[in-house]
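*Asks:* Can you read through this structure? Questions will come right after.
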């Protein structure tokens, strides 16, 4: 995207857009490599740890040679799909959160808080309870549809008015949409025992027992969403200076907003269809990444793409280990980790600014 | 003893005859500021209260007389006064009347509690259901239902305890150089999200039957509420509603800002703490009786504020609006073929109302 280049050519002397110097760039590349190493470590932990710990050498052997041993079966058929889905879902949620925070210019934006996940959930429940879809497979389209409708609703209700957007309005719009959809879900699941049973387990958000078929159904959508999101980085930087300045720098705010909405819908819809509604990854990770990169989205987006799956996989591994022989689902662990981050953010004085 | 009525300058009364007036009883000539008793009376508020009472009566009459077994209105009156047939007496005094009274009392408690909360946080979002009280109450109830397998009374007790603990946690987490409304709400949302993860965990660990009954409880329902629910709730209202009314005048001043209120001699932190305490107690009593019914506490004060066009907490009007809203929602819920829990109806009605409110403010361009 050339807009970023344009911004630098005008040399905007604003700390929001630091002129990238050689040493800083090297430092950020190094950091990115470090994040990749962290992610690889989390992925290997996810392959090796669990109810039955498997030595790292055995894991590596099993990955490349299928010898029908128990360990190889566990690694290849159970933990590998789970890890890959965790990677994809984590990256998707992190990207979606960053995009939402950038477009709404609201530090509290998150697919869970803003009702997008609830929209996807409600649509999935309607699919299970009314259309009698198979809860194991056919969740992609309802989830995408629901996520899209909810994102559009919340954006319209809480989005920027003539005088910009306030975190509280957006949170209010998200809470409203979530509450109404939650009531819909309750009404449907209370009258349908089988649907209630399916929904109860699906609604916490989990990576357990996902087969590679799930990835095949949802991975494409998440990939397209990411491909739409990544080139927006330069435009998002320009818009961070304000809508008018962004427009003067050649960015079309409406178009960027629409592309971001489509991308968020694809990312969240795909992630919810694959793993159920998982909150707070999209909220906490962009803030952590921003501590390293500053507000430049060209660095922020890749960093969140690596850090979010690291958090998700780590949370998943923790969930597998803390309550043997059972598991705590990853959605619960991420909320337990993410909610305190949210509270800390809310206690900070300058929460209104990204 | 003479009564004098003098017109006070009013803020927003559209028609001059609906402006608030100050009624003074026992005023002394030459000293207009000194009188034995004086109070402000807003004709518009009186009209609104009368209209809400009338709406409540209509809803009550409909609730008592219609249903799968129809009782003519004259028989309803006779039965309530104690002279009905055996069947009418069973259906009305054993089934419909306690449920109706519970709905009215719970609605009033939610409305008044919500009014206090919203006044303190100076934000329509500051109702107990948004700032985590309901989620905390749900956690308490879920612990009792799924881990202890307790009775209904124990569930109610667990809910009240959980709600109170959550409210205290939110209050202290939001405290930093005093409690500010905006931070109170955001911290409440965060704590609520944390607890709803805990709730999700408890729900998936529970057996199917426990989970089903817990889910029903979590929505808030008035199904099968008998006289044993009416008494405690009425008692709580009798204590808490006057307290709420008593502090609401000072709260109206507090809405003008902390500095001004201090200048006028109010003990700001004490007042805020008391208001939150009374509000939480009201919400807790309602939750104990009907479960965490959503959105009444959020929307009733907003409705009351728009009807009366008066600033301040509007405690009494909010209580009436809450009672009418909940009784009306329960009437609608009972008419659904499968018998919806009332919480679903209030969430849909309140949610749609709030969406309308947001879109209106969006058009006005308020932040």
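*Asks:* Find how much the distance from residue B:256 to residue B:228 grows on full extension, using 0.36 nm per residue of separation minus their present alpha carbon separation; answer in nm with one decimal. Each step should come with its number before you reach the end.
*Replies:* Working: separation 28, 0.36 × 28 = 10.08 nm, distance 4.20 nm.
Going from the current span to full extension adds 5.9 nm.
*Asks:* Gaussian network model of chain A, Cα springs within a sub-10 Å range: biggest mean-square fluctuation belongs to which of A:187, A:179, A:229?
*Replies:* With Cα springs under 10 Å in chain A, the top fluctuation among A:187, A:179, A:229 is at A:187.
*Asks:* Can you tell me what the convex hull of the Cα atoms of chain A projects to on average, as an area in nm²?
*Replies:* Numbers: hull surface 74.1 nm².
Over all viewing directions, chain A projects a mean Cα-hull area of 18.5 nm².
*Asks:* Now a separate question. Grab the Cα-Cα distance for residue A:288 and residue A:63, subtract it from 0.36 nm times how many residues apart they are, and report the gain in nm with one decimal.
*Replies:* 77.8 nm
*Asks:* For labels at residue A:243 and residue B:69 in the simple 7 Å Cα→Cβ model, what's the distance in nm?
*Replies:* Those two pseudo-labels are separated by 6.1 nm.
*Asks:* Here's another thing I want to ask about it. If you take the Cα Rg of the range A:67-134 and divide it by 2.2 N^0.38 Å, with N the number of residues, what do you get?
*Replies:* Values: Rg = 17.5 Å, N = 68, 2.2 N^0.38 = 10.9 Å.
Compactness ratio reported: 1.60.
*Asks:* Right, something else. What full-extension length gain, to one decimal in nm, is calculated for residue B:332 and residue B:209 as 0.36 nm per residue of separation minus the Cα-Cα distance? Can you show the working numbers first?
*Replies:* Values: separation 123, 0.36 × 123 = 44.28 nm, distance 2.71 nm.
Result for the pair: 41.6 nm of gain on full extension.
*Asks:* Just rank B:120, A:224, fewest to most, by other beta-carbon atoms within 10 angstrom.
*Replies:* Values: B:120 23, A:224 15.
So the residues, fewest neighbours to most, are A:224, B:120.
*Asks:* Rounded to two decimals, what is the ratio between the C-alpha radius of gyration of the range B:212-367 and 2.2 N^0.38 Å? Intermediate values should be presented prior to the final figure.
*Replies:* Values: Rg = 17.5 Å, N = 156, 2.2 N^0.38 = 15.0 Å.
After normalising by residue count via 2.2 N^0.38 Å, the value is 1.17.
*Asks:* So, in nm, how far is label residue B:269 from label residue B:23 when the simple model puts each one 7 Å beyond its Cα toward the Cβ?
*Replies:* My value for the distance between the label points is 3.9 nm.
*Asks:* I would also like to ask the following. Sticking to Cα atoms, compute the Rg of the protein assembly as shown to one decimal and its Dmax as the biggest Cα-Cα distance, whole number, in Å.
*Replies:* Here Rg and the maximum Cα pair distance are 28.0, 106 Å.
*Asks:* Along its principal axes, what span do the Cα atoms of the range B:100-364 show, with the longest given first and each in whole Å?
*Replies:* 57, 41, 37
*Asks:* Can I ask one more? Based on alpha-carbon atoms only, what is the radius of gyration of the range A:216-350 relative to the globular estimate 2.2 N^0.38 Å? Write down the numbers at each step before the final one.
*Replies:* Details: Rg = 16.8 Å, N = 135, 2.2 N^0.38 = 14.2 Å.
Relative to the 2.2 N^0.38 Å estimate, the range A:216-350 comes out at 1.18.
*Asks:* Relative to a virtual label point 7 Å from the Cα of residue A:191 in the Cα→beta-carbon direction, which members of the range B:321-364 show backbone nitrogen distances below 19 Å?
*Replies:* Zone members listed by number: B:329-350.
*Asks:* What value, in deg cm²/dmol to 500, does the helix sum -39500 (n - 2.57) over DSSP H runs of n ≥ 4 give at 222 nm once divided by the residues of chain A? Intermediate results must be reported in sequence, preceding the final value.
*Replies:* Numbers: 16 runs with 253 residues, N = 354.
It lands at -23500 deg cm²/dmol.
*Asks:* Output needed: percent of Cα pairs per 10 Å distance bin for the range B:117-266, bins running from 0 to the one holding the longest distance.
*Replies:* The percentages, shortest bin first, are 10, 31, 33, 19, 6, 1.
*Asks:* Also, quick follow-up: Take residue B:165 and residue A:152, extend 7 Å from each Cα along the Cα→Cβ direction, and tell me the distance between the two endpoints in nm.
*Replies:* 4.4 nm
*Asks:* Arrange A:76, B:305, A:348 by Cβ neighbour counts within 10 Å, fewest through most, would you? Walk me through the numbers before you get to the answer.
*Replies:* On the way: A:76 17, B:305 21, A:348 12.
Ranking A:76, B:305, A:348 by Cβ neighbours within 10 Å, fewest first, gives A:348, A:76, B:305.
*Asks:* Where is the GNM fluctuation largest for chain A (alpha-carbon springs, 10 angstrom cutoff): A:123, A:284, A:175?
*Replies:* A:175
*Asks:* Hey, fewest Cβ within 10 Å first, where do A:29, A:196 land in order? Walk me through the intermediate numbers first.
*Replies:* Numbers: A:29 11, A:196 21.
Neighbour counts put them in this order, fewest first: A:29, A:196.
No value in this document is a laboratory result; all are computed from the given coordinates. Note that the structure is a prediction, hence the values are computed from the model and not measured. Heads up, the Cβs are rebuilt from the backbone with ideal geometry, glycines too, and the neighbour counts pull from every protein chain shown.
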